[in-house]
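The values are calculated or read from the model by the stated rules, or taken from the named source; none is laboratory data. This is a predicted model, so every value here is computed, not measured. Reconstructed Cβ throughout: ideal geometry from the backbone, glycine too, with neighbour counts over all protein chains shown. Protein only, heavy atoms only, side chains kept; ligands, DNA and RNA dropped before computing areas. Shrake-Rupley method; radii C 1.70, N 1.55, O 1.52, S 1.80 Å.
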Amino acid sequence: LNEMCAGMKYNPMKSSEYGEKNADKIPEGTHLPPPSRLPTASSLSEMNHNPKVGTNAKQGHNATNESLDRVRVDDTGCVLTTNQGVKIATNQHTLRAGARGPMLMEDFIMREKITHFDHERIPERVVHARGSAAHGYFESYESLTQYTKAAPFKVKGKKTPVFVRFSTASGERGSKDTARDVRGFAVKFYTDEGNWDLVGNNIPVFFIQDAIKFPDVIHALKPEPHHNMPQASSAHDTFWDFVSLMPESTHMVLWQMSDRAIPRSYRTMQGFGVHTFRLVNEAGEACLVKFHWIPKLGTHSLVWEEAVKIAGADTDFHRRDLWEAIEAGEYPEYELGLQIFTEEQAASWSFDVLDSTKLIPEELVPLKIVGRLVLDRNPDNFFAETEQVAFCTAQIIPGIDFTNDPLLGGRIHSYVDTQLTRLGGPNFHEIPINAAIAQVHNNNRDGFHRQEINRGRVNYEPNSIAGGCPFQAGSGQGFSTIKKRLAHKEAESHDNVRIHPEKFAEHYAQARLFYESQTPVEKAHIADAFRFELSKVTVPAIRERMISSLLNVSPKLAERVAKDLGFEKLPEPMPKAAEAPAKPEIVVSPMLSLGARPGDGSIRMRKIAILVDDGVEGKSISKLVTTLAAAGAIPRLVGSRLRTYKGAGGENFIADATMENSPGFMFDALVLPDGVSALKALEKDLHTQDFVRDQYWHFKPILAFGASKALLTAAQISPNLPDGSIDPGLILAEASEYDDAITKFILAVAQHRHFGRERDQNV
Ligand code: HDD
């Protein structure tokens with residue numbers, strides 16, 4: 001040892017630590033081949049027979065990075081034990097002094113069980129408490145080394161394991177899935193150069209521009225502090241009070257009032273990294289980037305009434321949908337799109353790319369599709385994986401870097417900080433779901449729940465006793481922060497200031513851009529959402545303030561909402577913070593409409609109800625089930641009761657579901673089979689009428705054969721649209737037209753919703 005320590009006479013790196021000239025050339029740490037500081041093979045031979053002591057750790061290896069199988073547990077065929085591995089004879093009784101005597105303190109088995117149970121819960125996330133997650137991989141379509149040295153983009157076809165958690169933002173852990181809310185879309189890439197977390201949302205902009213306002217917006221959004229109501233809803237005074245006083249929230253609020261905030265499924269929503277990030281290549285050259293996830297199935301949403309009803313029937317609607325799709329082998333898939341641009345381009349735009357309340361229209365910078373994300377495995381254990389996963393925006397890898405976005409700056413601090421409380425200490429990175437697959441070697445030590453058993457005497461650097469290990473990687477392989485964050489003129493002043501750049505003061509152009517890019521039906525839904533939410537606001541001045549803000553977005557929208565809320569006269573538009581804002585480059589962006597990405601045209605995993613009763617036309621039902629299932633849909637026979645029904649030809653059908661346990665709004669489409677005798681009862685049945693009416697008014701396709709048209713009449717549904725044309729989503733057919741009808745129906749299901757039925761498109 002002395003010889004080796006003497007080999008390092010002094011610390012040769014010291015001089016490289018000073019002076020700007022050295023900032024680019026950080027040397028690799030001085031190190032010598034370490035001595036075997038581990039016990040020798042012969043001294044271990046005795047111990048090696050003992051599995052607890054184990055064999056000698058392979059030099060330079062950290063076994064906690066191995067596959068999650070190292071911690072997966074399967075109890076099949078196993079005896080019940082205590083936490084200490086002691087076999088438990090009976091799990092039915094506490095130890096007592098006599099059958100009718102007192103319980104004994106010495107019952108360590110009962111006490112361990114109850115104690116563990118007492119401490120089962122951990123604090124829920126302060127936001128995004130309710131979520132669902134899945135394992136999968138990211139596959140790169142091409143090498144992006146021109147732009148970045150980041151591991152996932154190095155070579156075409158490279159697969160990087162990921163864990164993705166979707167969430168609602170405002171509701172508590174047990175709240176409903178279908179709340180009107182922004183959805184989280186957080187991706188943890190386990191790259192071979194360390195973990196990279198891209199913690200995004202399904203909306204590309206945010207409420208606020210500066211992290212210091214985050215506690216304010218979340219306090220305003222969450223249930224009000226005096227009575228803790230309402231749960232998972234923004235429709236209350238404090239939220240609208242806050243946003244009406246924060247004009248920069250207007251853009252995000254427009255998105256939040258759109259159908260984007262009530263997605264049909266996690267599988268049918270986009271994801272956005274929101275902030276502008278940087279890509280950095282091997283040569284240290286950087287460009288700016290925005291990240292987009294695009295679902296292969298297209299972007300589809302619920303409608304508000306449907307979302308409200310589903311919340312009552314199945315609070316786990318999105319969780320179940322994700323789980324079932326993966327179990328069925330219908331793996332959710334998203335493509336990664338990058339908007340890559342330069343500092344110079346950014347400087348020329350009317351908005352600031354460091355302002356997270358602004359997006360970059362795809363018409364200005366098109367998406368470059370660079371890979372796909374596939375979710376192909378459900379977690380084995382919700383708590384161990386989905387609840388304990390810790391996403392941190394601070395976790396980036398060489399090839400990715402931050403920008404000076406003041407919202408991002410605060411996030412880099414907040415996520416690590418919050419895990420310390422939520423997961424109970426600084427070792428949360430060792431929890432298996434959070435552990436990197438890249439090797440982890442450092443001198444961080446101790447703290448609650450430490451898993452690693454670090455060997456040797458050295459827990460500091462530099463050292464000579466361990467041959468200098470672990471040694472610094474140097475700028476050649478290690479993460480180095482990009483030198484220049486912004487070429488913008490403003491950034492050249494280094495005065496410490498609490499102020500935002502001037503372009504941040506423009507708050508309405510992109511809210512208007514979003515609104516004007518929506519279809520008439522989407523606009524109507526936005527207006528309806530404002531009406532609903534503001535009608536829940538009890539303070540008239542807040543409603544008025546919101547209308548005056550909307551007047552700066554669209555006078556038509558503001559007038560409509562004001563009229564719906566009983567305003568007799570419009571307030572003055574809200575004064576603007578920006579006196580002479582620059583002219584926006586783009587004023588309508590068709591890609592911002594939900595319909596811009598209809599998906600791949602398939603009907604896979606769509607749930608289709610086939611109504612059954614005694615006397616329905618049996619032959620067509622079997623054919624229907626086969627055809628729809630072959631197209632990847634999930635046909636379900638729905639009756640009034642869970643029993644066997646007799647078809648007109650004597651066939652037996654067992655109902656899969658009932659109108660009571662699976663109401664109409666839980667399905668994506670409906671088939672009404674023929675069969676006169678069956679229909680007589682159903683026609684008068686109010687449940688059936690509601691079932692059919694919900695399908696129709698939630699714009700879903702309906703296929704009605706023969707006499708079943710009477711059910712449509714009973715539900716007051718007409719085949720004509722308000723504009724006089726025939727509804728392509730309502731297919732009426734005779735049994736003889738079966739083949740043609742089913743083809744039309746499958747096309748109508750692939751279109752998802754038939755918004756031509758909306759009566760109120762005048763916004
Ligand atoms: Fe955040 C959780 C997304 C701004 C502070 N955030 C959280 C999650 C998502 C986002 C998806 C859930 C992660 C998971 O599944 O575990 N947050 C965003 C986006 C933002 C954003 C897209 C703006 C662009 N967040 C933001 C700011 C702050 C935070 C400005 C604080 C300054 N967010 C948190 C947090 C959470 C969190 C308190 C709660 C639980 C957690 O981090 O792990 O730290």
Inset, instruction - Look at LYS684 and say whether it is of a type in the set (Lys, Arg) and more than 19 Å from GLU306 (Cα to Cα). - result: yes
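Do you know which residues across the stretch 682-696 are open to solvent by less than 80 Å² (accessible area, probe 1.4 Å) and basic (Lys, Arg)? Lay out the reasoning, then the answer.
Just the residues of the stretch 682-696 that are open to solvent by less than 80 Å² (accessible area, probe 1.4 Å), to begin with: 682-683, 685, 688-696.
Within the stretch 682-696, ARG693 is the sole residue that qualifies.
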Inset, instruction - Find the helices (runs of 4 or more DSSP H) located wholly in the stretch 221-333 whose residues include 1 or more that are polar (S, T, N, Q), assigned by TED's automatic domain parsing to the domain that holds ASP690 and at pLDDT 95 or above, and list them. - result: none
Legend entry - Verdict on PHE391 being within 16 Å of the ligand (Cβ to nearest atom), out of contact with any Pro (no Cβ under 7 Å at 6 or more places or on another chain) and not in a loop (DSSP other than H, G, I, E, B): no
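What do you reckon, is SER718 over 22 Å from ILE310 (Cβ atoms), over 31 Å from the mean Cα position of the chain (by Cα) and open to solvent by 20 Å² or more (accessible area, probe 1.4 Å)? Reasoning before the result, please.
Values: over 22 Å from ILE310 (Cβ atoms): yes; over 31 Å from the mean Cα position of the chain (by Cα): yes; open to solvent by 20 Å² or more (accessible area, probe 1.4 Å): yes.
Yes.
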Inset, instruction - Collect the residues in the stretch 171-216 that are open to solvent by less than 10 Å² (accessible area, probe 1.4 Å), farther than 25 Å from LYS536 by Cα and either away from the ligand (no atom under 13 Å from the Cβ) or in a helix (DSSP H, G or I) (or both), keeping them in residue-number order. - result: PHE189, THR191, TRP196
Inset, instruction - Filter the strands (runs of 3 or more DSSP E) completely within the stretch 570-681 down to those with at least 3 residues that are under 21 Å from LEU711 (Cα atoms), open to solvent by 20 Å² or more (accessible area, probe 1.4 Å) and outside the structural domain of LEU711 (by TED's automatic domain parsing). - result: none
Legend entry - Test result for ALA435, closer than 25 Å to SER480 by Cβ and among the small types (Gly, Ala, Ser): yes
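Can you report the number of residues in the stretch 121-142 which are open to solvent by 80 Å² or more (accessible area, probe 1.4 Å) and more than 10 Å from the ligand (Cβ to nearest atom)? Quick ask: steps written out before the conclusion?
Of the residues in the stretch 121-142, the ones open to solvent by 80 Å² or more (accessible area, probe 1.4 Å) are 121, 126.
If we keep only those that are more than 10 Å from the ligand (Cβ to nearest atom) as well, we get 121.
Count: 1.
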Inset, instruction - Give the number of residues within the stretch 411-428 that are within 13 Å of the ligand (Cβ to nearest atom) and either within 15 Å of LEU198 (Cα to Cα) or open to solvent by 40 Å² or more (accessible area, probe 1.4 Å) (or both). - result: 10
Legend entry - Some residue of the stretch 410-431 being free of Cβ contacts under 8 Å to residues at least 60 places away in the same chain, over 28 Å from the mean Cα position of the chain (by Cα) and more than 30 Å from LYS9 (Cβ to Cβ): no
Inset, instruction - Could you check, for the stretch 525-541, whether at least one of its residues is closer than 30 Å to GLN395 by Cα and of a type in the set (S, T, N, Q)? - result: no
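Which residues, counting only those in the stretch 77-99, are in a loop (DSSP other than H, G, I, E, B) and either open to solvent by 80 Å² or more (accessible area, probe 1.4 Å) or touching a residue at least 60 places away in the same chain (Cβ under 8 Å) (or both)? Don't jump to the end; show me each part of the working.
Restricting attention to the stretch 77-99, the residues satisfying the condition of being in a loop (DSSP other than H, G, I, E, B) are 77-80, 82-86, 88-95, 97-99.
If the condition is that a residue be in a loop (DSSP other than H, G, I, E, B) and either open to solvent by 80 Å² or more (accessible area, probe 1.4 Å) or touching a residue at least 60 places away in the same chain (Cβ under 8 Å) (or both), then GLY77, CYS78, VAL79, LEU80, ASN83, GLN84, ALA89, GLN92, HIS93, ALA99 are the ones that fit.
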Inset, instruction - Can you confirm whether the stretch 516-532 contains a residue that is touching a helix residue (DSSP H, G or I) at 6+ places or on another chain (Cβ under 9 Å), without any contact (Cβ under 8 Å) to a residue 60 or more places away in the chain, surrounded by fewer than 20 Cβ atoms within 10 Å (Cβ to Cβ) and farther than 30 Å from GLY329 by Cα? - result: yes
Inset, instruction - Could you look through the stretch 416-435, keep only residues that are of a type in the set (A, V, I, L, M, F, W, C) and in contact with a strand residue (DSSP E or B) (Cβ under 9 Å, 6 or more places away or on another chain), and pick out the one that is farthest from ARG450 (Cα to Cα)? - result: ILE433
Inset, instruction - Determine if the stretch 432-440 includes at least one residue that is within 25 Å of SER132 (Cβ to Cβ) and either polar (S, T, N, Q) or within 14 Å of the ligand (Cβ to nearest atom) (or both). - result: yes
Inset, instruction - For ASP694, state whether it is part of a loop (DSSP other than H, G, I, E, B), out of contact with any Cys (no Cβ under 7 Å at 6 or more places or on another chain) and more than 20 Å from GLU734 (Cβ to Cβ). - result: no
Legend entry - Residue within the stretch 397-404 that is open to solvent by 40 Å² or more (accessible area, probe 1.4 Å) and assigned by TED's automatic domain parsing to the domain that holds HIS275 present: yes
